[in-house]
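K.L.:
Mind having a look at this structure? Questions to follow.
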Amino acid sequence: MSDLDLAAIRAFVAVADYKHFGEAAAELGITQQAVSRRIAKLEADFGTVLLSRLRSGTTLSKEGAAFLPHARNLLAIADQTADMLRRKRLPLRVDVLDTRIAATEVLRGFHGTTDVELEIVTSRGLRVARESLKAGTIDAAFARVLGSLDQDGITSVPACFDPVEVLANAGHPLAKRRSVSMAELSEWTIWMPGNVPGSEWADFYEHVAAEFGLRIDTRGPDFGWEDFVHRFTGPTDLLSLVGESCRLPEYPGVVRIPVDPPRPCYLSSLLWHRRKPHSALPKLISYVRHTYQPPRPEDVWLPACDWALISSQRSART
């Protein structure tokens, strides 16, 4: 009996994930012919057929489907063993949009329950995080998901919701209210200079504006949180929307006002790459799944695409 060829097993798993030899080759950084040779040798060594090659694509045979979970386990153990032999206990690198937001609070909670070493990376959201996950320069990321990530080999689970609240100067007509409705905000300009065109958070607030008839002014420049909040210390009719969990700089004369239900909520998900797992990643995934609290539709408002994502994740679990 031949010894198991880890390179061949890695090629088999890549083809199983992508269902295409060319894409698997691109992922592994080798030629398509090399992928074919490795899998052919693996099948020949064990006298079985693992993949069915059809005109419509590549599918797993019965034997291949049975072998796949074992193949994944073999690769995970091999990668962990290689790390140990190199005496590398690499930290779990997690990308967040900002260290002040709700997703970072999830990481703080996780850090308090484990001895896993964390390295927090901040980037510019989903577009950067998905490329970093594909390249293997980060192990996980928190972001609002837009579109399908399957073609990139990326998986996600909902992680947390952050309801919006209003930021205002203490002299604003709404400032002394215990709460406000979204309908009332349509009378005022909402200033959000950090809404980068094409970003997932700008997309969220575009949905909010369309649903509730808001006027959102994105003119900048964006000089960061300190400058943004300081803008509201002086008399101004401008309002802004921020996440309830967001840790803003505190300035006298600036107030935060809760929003009446159903409140717009920003959904952040945990993302990771299926073929580049850090040994500590399952702990983070398990923590997120355990602490995630699904929303009650009567309490929150979400864009239709976010509700669809939640429904698809629920269906996948069942």
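K.L.:
May I ask you to list the residues in the stretch 207-237 that are assigned to a loop (DSSP other than H, G, I, E, B), in contact (Cβ under 8 Å) with a residue 60 or more places away in the chain and of a type outside the set (Ser, Thr, Tyr)? Talk me through it step by step, then tell me what you get.
P.N.:
Start the filter on the stretch 207-237 by keeping residues that are assigned to a loop (DSSP other than H, G, I, E, B), which leaves 213-214, 218-224, 234-237.
This time we only want the ones that are in contact (Cβ under 8 Å) with a residue 60 or more places away in the chain, so: 234-237.
Gly234, Pro235, Asp237, listed by residue number.
K.L.:
Now a separate question. Given the structure, is Gly224 surrounded by fewer than 16 Cβ atoms within 10 Å (Cβ to Cβ), closer than 20 Å to Gly253 by Cα, modelled with pLDDT under 95 and not β-branched (Val, Ile, Thr)? Reasoning before the result, please.
P.N.:
Working: surrounded by fewer than 16 Cβ atoms within 10 Å (Cβ to Cβ): yes; closer than 20 Å to Gly253 by Cα: yes; modelled with pLDDT under 95: yes; not β-branched (Val, Ile, Thr): yes.
In short, yes.
K.L.:
Shifting gears a bit: Which is under 27 Å from Ala24 (Cα atoms), part of a strand (DSSP E or B) and not β-branched (Val, Ile, Thr), of Arg127, Arg93?
P.N.:
On the way: Arg127 fails: part of a strand (DSSP E or B).
It is Arg93.
K.L.:
Here's a follow-up. Identify, from the list Ser286, Ser311, Ser240, the residue that is among the small types (Gly, Ala, Ser) and under 21 Å from Asn195 (Cα atoms).
P.N.:
Details: Ser286 fails: under 21 Å from Asn195 (Cα atoms); Ser311 fails: under 21 Å from Asn195 (Cα atoms).
Matching residue, one of Ser286, Ser311, Ser240: Ser240.
K.L.:
Right, another one. Of all residues being in a loop (DSSP other than H, G, I, E, B) and touching a strand residue (DSSP E or B) at 6+ places or on another chain (Cβ under 7 Å) in the stretch 182-194, which is nearest to Gly243 (Cα to Cα)? Just the residue, please. Explain how you work it out, then say what you get.
P.N.:
Just the residues of the stretch 182-194 that are in a loop (DSSP other than H, G, I, E, B), to begin with: 186-188, 192-194.
If we keep only those that are touching a strand residue (DSSP E or B) at 6+ places or on another chain (Cβ under 7 Å) as well, we get 188, 192.
Numbers: Trp188: 19, Met192: 12 Å.
Residue satisfying both the conditions and the ranking: Met192.
K.L.:
Further question: Among the numbered criteria (1) surrounded by 19 or more Cβ atoms within 10 Å (Cβ to Cβ); (2) hydrophobic (A, V, I, L, M, F, W, C); (3) not in a loop (DSSP other than H, G, I, E, B), which one does Ala202 miss?
P.N.:
Ala202 satisfies all of (1) surrounded by 19 or more Cβ atoms within 10 Å (Cβ to Cβ); (2) hydrophobic (A, V, I, L, M, F, W, C); (3) not in a loop (DSSP other than H, G, I, E, B) except (1).
K.L.:
Right, Arg72: under 23 Å from the mean Cα position of the chain (by Cα), assigned to a strand (DSSP E or B) and surrounded by 14 or more Cβ atoms within 10 Å (Cβ to Cβ) or not?
P.N.:
Working: under 23 Å from the mean Cα position of the chain (by Cα): yes; assigned to a strand (DSSP E or B): no; surrounded by 14 or more Cβ atoms within 10 Å (Cβ to Cβ): yes.
Here the answer is no, as Arg72 does not meet what is asked.
K.L.:
Return only the number of the condition from (1) part of a helix (DSSP H, G or I); (2) surrounded by fewer than 16 Cβ atoms within 10 Å (Cβ to Cβ); (3) among the charged types (D, E, K, R) that Arg53 does not satisfy.
P.N.:
(1)
K.L.:
Further question on the same structure: Does Glu23 meet the test of being touching a residue at least 12 places away in the same chain (Cβ under 8 Å) and more than 18 Å from Phe67 (Cβ to Cβ)? Can you show your working first?
P.N.:
Numbers: touching a residue at least 12 places away in the same chain (Cβ under 8 Å): no; more than 18 Å from Phe67 (Cβ to Cβ): yes.
So Glu23 does not fit the description; no.
K.L.:
Give me the residue from the stretch 106-144 that is of a type in the set (Asp, Glu) and over 15 Å from Val96 (Cα atoms) and, out of that set, surrounded by the most Cβ atoms within 10 Å (Cβ to Cβ). Show your work before the answer.
P.N.:
Kept after step one, since they are of a type in the set (Asp, Glu), are these residues of the stretch 106-144: 115, 117, 119, 131, 139.
Next, only the ones that are over 15 Å from Val96 (Cα atoms) stay: 115, 117.
Working: Asp115: 7, Glu117: 12.
Among those residues, the one meeting the criterion is Glu117.
K.L.:
What are the pairs, 6+ residues apart or on separate chains, where a residue within the stretch 163-183 that is in contact (Cβ under 8 Å) with a residue 60 or more places away in the chain has its Cβ under 8 Å from a residue that is in a loop (DSSP other than H, G, I, E, B) and charged (D, E, K, R)?
P.N.:
Pairs found: Pro163/Glu244; Val164/Glu244; Glu165/Glu244; His172/Asp237; Ser179/Asp260; Val180/Asp260; Ser181/Asp260; Met182/Asp260.
K.L.:
Same structure, new question: Tell me the residue from Ser123, Ser56, Ser36 that is modelled with pLDDT under 90, polar (S, T, N, Q) and in contact with a helix residue (DSSP H, G or I) (Cβ under 9 Å, 6 or more places away or on another chain), please.
P.N.:
Details: Ser56 fails: in contact with a helix residue (DSSP H, G or I) (Cβ under 9 Å, 6 or more places away or on another chain); Ser36 fails: modelled with pLDDT under 90.
When all the criteria are applied, what remains is Ser123.
K.L.:
So, one more: How many residues, within the stretch 264-287, are of a type in the set (D, E, K, R) and in a helix (DSSP H, G or I)? Explain how you work it out, then say what you get.
P.N.:
Step one: filter the stretch 264-287 for residues of a type in the set (D, E, K, R), giving 274-276, 283.
Among the residues that remain, those that are also in a helix (DSSP H, G or I) are: 283.
Result for the stretch 264-287: 1.
K.L.:
Also: Based on this model, can you work out whether Ala103 counts as touching a residue at least 24 places away in the same chain (Cβ under 8 Å), within 17 Å of Ala159 (Cα to Cα), among the small types (Gly, Ala, Ser) and out of contact with any Pro (no Cβ under 7 Å at 6 or more places or on another chain)?
P.N.:
Considered against the rule, which asks whether it is touching a residue at least 24 places away in the same chain (Cβ under 8 Å), within 17 Å of Ala159 (Cα to Cα), among the small types (Gly, Ala, Ser) and out of contact with any Pro (no Cβ under 7 Å at 6 or more places or on another chain), Ala103 comes out as yes.
K.L.:
Same structure, new question: Is it fair to say Glu23 is modelled with pLDDT under 90, outside any strand (DSSP E or B) and over 30 Å from Arg247 (Cβ atoms)? Give the steps one after another, and end with the answer.
P.N.:
Details: modelled with pLDDT under 90: yes; outside any strand (DSSP E or B): yes; over 30 Å from Arg247 (Cβ atoms): yes.
When the stated conditions are applied, Glu23 passes them.
The values are calculated or read from the model by the stated rules, or taken from the named source; none is laboratory data. On a predicted model such as this, the values are computed, not experimentally measured, just so you know. Every residue, glycine as well, gets a Cβ built from its backbone with ideal geometry; the counts of neighbours run over all protein chains shown.
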